[in-house]
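> For reference, the structure I am asking about is given below.
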């Protein structure tokens, strides 16, 4: 899942795809690099200047139309928590509602059901959208993650969302400190064992930076390490900034698992 | 009577193991250690830790902070039990080598002034009734909305609010602490408000002598470390003027 943000102020390389032409170019690039899904978001996760529903729709929906036009078979996800945005995005051709704020708007699941699209069910420890974690403690963070995401998934099924289109996401760093994000990474098998496909979004996140003492531009290796562990433990979707490197890491893990044939084996066989 | 009180902040980072390799904010840790040491040095009959929590309640004085709730890697599955503010207070006292009688008293984060005053008066009264020399360790923080990267983002009202609190502490102005606007404190995520109001009531009338050991917001949350000594001549001096000799 390649990230294409339609914001001027997201945390990583802000504004790089704010210009629509640059954003569309980025989509062409990531598709060529092997992205299976393009995730289009109009509101940064961090606190800041308010982005109204109309503004968010303006940033994402015409762009989704343009992407759908250019790539008829590409899976397009929209990174939003709001039902009005989800509705407009689906009408424009989006296939997946990537809700990173844990069902804050209960109507979003109804939109997924109505349009027959997919839904991501995530965990934030109860945070209001666009707020930061503050002294959060968990008796058992993975138990809390499972409880919330499985509840949301069941709720979505009851609302009429196709069960084969539901993903669960622990949402690293959302309502979790670095220790918590490391623990959910270590215990990810608990999520993959549920049978719901697991999405992880770890790219360049603060828990990687805090673990390694690395600034924003120095987190690729750490990101790929978490990506590889998550892949080994059975995660299915990986939301990433660095598509080429992520594709390679995933292919390597798949080859080790025996799910992917190596590209070209000659050494030792000649 | 309450002979001395210390104000300390209660961010989880005060538990050293939680910050990983980097100890961070050495100055803040030193100030908290100094304030706690001064409390223990008065050789009190009891130390009462007061700190904000979801509900007003006394806790088992033997309970301690469960850091595993903040850092699963540091131990087997924890149980979030003792409120953070009380846990950190008890930790500071353990680190200062205090092993005497302890009270762990939570004050509800939304407790209005009346409830805080009632609690503060009760703590002071029970110390007086048993002729005990009691010390208070008051845990709590100013606004968590001091910067763009603060947990609560930036609220322009936060710095002036914290400045008023610091001024009140420097001046030993218990009335100003008693008069803090609970609604504004809540909006600004200033979790210390109810604990400071318990302190204001517990120290009675009069003007304590104060000393500020640390005041700053390095991470967008206002931390204040201070010491309050009961006004000379006992609990209620100011109304009656200086002692006659």
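> How big is the gap, in Å, between the Cα center of segment A:182-203 and the Cα center of segment A:45-122?
23 Å
> Using Cα atoms only, what is the angle between the long axis of helix B:158-170 and the major principal axis of chain B, expressed in degrees (0 to 90) to the nearest 10?
On a 0 to 90 degree scale, this one is about 40.
> Efficiency by 1/(1 + (r/R0)^6): what FRET value for residue B:94 and residue B:156, r their Cβ-Cβ distance, R0 = 30 Å, to the nearest 0.05?
On the way: r = 39 Å, r/R0 = 1.30.
In this case the efficiency is close to 0.15.
> Right, next: Give the Cα extents of segment B:77-144 along the principal axes, in whole Å, largest first.
Dimensions of segment B:77-144 along the principal axes of its Cα atoms: 41, 32, 23 Å.
> If you average the sequence gap of Cα pairs under 8 Å that are 6 or more apart and divide by the length of segment A:97-160, what percent do you get for the contact order?
Working: 64 pairs, mean separation 26.5, N = 64.
Across segment A:97-160, relative contact order equals 41 percent.
> Provide the convex hull volume over Cα atoms per residue for chain A, in Å³. Walk me through the numbers before you get to the answer.
On the way: hull volume 36.5 nm³, N = 270.
Cα-based convex hull of chain A, divided per residue, equals 135 Å³.
> Please determine, in degrees from 0 to 90 and to the nearest 10, the orientation of helix B:84-95 with respect to the longest principal axis defined by the Cα atoms of chain B, where the helix direction is its Cα long axis.
Rounded to the nearest ten degrees, it is 80.
> Largest first, please: the extent of the C-alpha atoms of chain B along each principal axis, to the nearest Å.
60, 41, 31
> In addition: Say R0 is 30 Å: what FRET efficiency, to the nearest 0.05, do residue A:150 and residue A:84 get from their beta-carbon distance? Present the calculation step by step, with values, prior to reporting the outcome.
Numbers: r = 27 Å, r/R0 = 0.89.
Plugging the Cβ-Cβ distance into 1/(1 + (r/R0)^6) gives 0.65.
> If you don't mind, another one. Test of understanding: extend the Cα→C-beta vector of residue B:129 to 7 Å, then name every residue of segment B:57-95 with backbone N under 18 Å from that spot.
Residues B:57-59 qualify, since their backbone N sits under 18 Å from the label point.
> For segment B:55-200, what does the alpha-carbon gyration tensor say about shape, rounded, prolate or oblate, given a ≥ b ≥ c as the root eigenvalues, a/c under 1.5 as rounded, and a/b over b/c as prolate?
Values: a/c = 1.95, a/b = 1.09, b/c = 1.80.
It comes out oblate by the Cα gyration axes.
> Report the normalised scattering of segment A:125-208 as log10 I(q)/I(0) at q = 0.11, 0.15, 0.16, 0.21 Å⁻¹, calculated by the Debye formula with identical scatterers on the alpha carbons.
For segment A:125-208 at q = 0.11, 0.15, 0.16, 0.21 Å⁻¹, log10 I(q)/I(0) is -0.30, -0.55, -0.63, -1.03.
> Could you work out the relative contact order of chain A? I mean the mean sequence separation of Cα pairs under 8 Å and 6+ apart, divided by the number of residues, in percent. Working shown, then result.
Details: 494 pairs, mean separation 39.8, N = 270.
With pairs under 8 Å counted, the relative contact order is 15 percent.
> Can I ask one more? Can you sort B:111, B:187, A:20 so the residue with the fewest Cβ neighbours within 10 Å comes first? Let's see the in-between values first.
On the way: B:111 23, B:187 16, A:20 13.
By the 10 Å Cβ count, ascending: A:20, B:187, B:111.
> Given points 7 Å out from each Cα along the Cα-Cβ axis, report the residue A:36 to residue B:74 separation in nanometres with one decimal.
3.9 nm
> Could you list the residues of segment A:179-207 with an amide nitrogen less than 16 Å from a label point located 7 Å from the Cα of residue A:143 in the Cα-to-C-beta direction?
Within reach of a label on residue A:143, which here means backbone N under 16 Å from a point 7 Å along Cα→Cβ, segment A:179-207 contributes A:184, A:187, A:190-191.
> Sticking with this structure for a sec: Just the number, please: Stokes-Einstein D of segment A:20-150 in µm²/s, Kirkwood Rh from C-alpha pairs, 4 °C, 1.567 mPa s.
83 µm²/s
> Suppose a student asked you for the relative contact order of segment A:83-189, using Cα pairs under 8 Å spaced at least 6 residues apart; what percent would you report? Don't jump to the answer; show the numbers that get you there.
On the way: 162 pairs, mean separation 33.0, N = 107.
Contact order relative to length: 31 percent.
> Please determine, in degrees from 0 to 90 and to the nearest 10, the orientation of helix B:193-202 with respect to the longest principal axis defined by the Cα atoms of chain B, where the helix direction is its Cα long axis.
20 degrees
> Let me ask something additional. Taking chain A as a Gaussian network, where each spring joins two C-alpha atoms under 10 Å apart, which residue of A:91, A:153, A:35 fluctuates the most?
The residue with the greatest mean-square fluctuation here is A:91.
> Any idea how far the Cα center of segment B:95-118 sits from the one of segment B:58-93, in Å?
Between the Cα centre of segment B:95-118 and that of segment B:58-93, the gap is 15 Å.
> Which value in Å does the Kirkwood hydrodynamic radius of the protein assembly as shown take, with 1/r averaged over all unlike C-alpha pairs and then inverted? All intermediate terms of the calculation are to be shown ahead of the outcome.
Numbers: mean 1/r = 0.0396 Å⁻¹.
Evaluated over the protein assembly as shown, this radius sits at 25.3 Å.
> Can you sort B:148, A:96, A:233, B:123 so the residue with the fewest Cβ neighbours within 10 Å comes first? Working shown, then result.
Details: B:148 11, A:96 25, A:233 19, B:123 22.
Listing B:148, A:96, A:233, B:123 from fewest to most nearby Cβ atoms yields B:148, A:233, B:123, A:96.
Readers should treat all values here as calculations from the given coordinates under stated rules, not as data from a laboratory. Source: prediction; values computed, not measured. With ideal geometry, Cβ positions are generated from the backbone for all residues, glycine too; neighbour counts draw on all protein chains shown.
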